[in-house]
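Before any comments, here is the structure.
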């Protein structure tokens with residue numbers, strides 16, 4: 001999780017703290033699938049900057 005957020009740090013809005021509560025099943029997901037899920041959650045929470053910023 002930490003690595004996914006670090007890779008997309010430039011896309012996150014500034015001055016926020018993130019706390020993730022992850023289900024056990026997520027530990028078995030491939031990295032790309034987990035990354036897709038994390039980005040989806042961040043997008044739904046309006047924590048990603050609009051494209052082009």
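Some notes on this structure:
- Within segment 21-31, the residues that satisfy the criterion of being under 14 Å from residue 4 (Cα atoms) and either touching a strand residue (DSSP E or B) at 6+ places or on another chain (Cβ under 6 Å) or not in a loop (DSSP other than H, G, I, E, B) (or both) are 26, 27, 31.
- Residue satisfying condition, being in contact with a strand residue (DSSP E or B) (Cβ under 7 Å, 6 or more places away or on another chain), in contact (Cβ under 8 Å) with a residue 12 or more places away in the chain and either part of a loop (DSSP other than H, G, I, E, B) or surrounded by 10 or more Cβ atoms within 10 Å (Cβ to Cβ) (or both), within set 34, 42, 18: 42
Each value in this text was obtained by applying a stated rule to the coordinates, not by laboratory testing. All of these numbers come straight from a predicted model, not from anything done at the bench. Don't worry about glycine lacking a Cβ; one is built from the backbone with ideal geometry, like all the others, and counts go over all protein chains shown.
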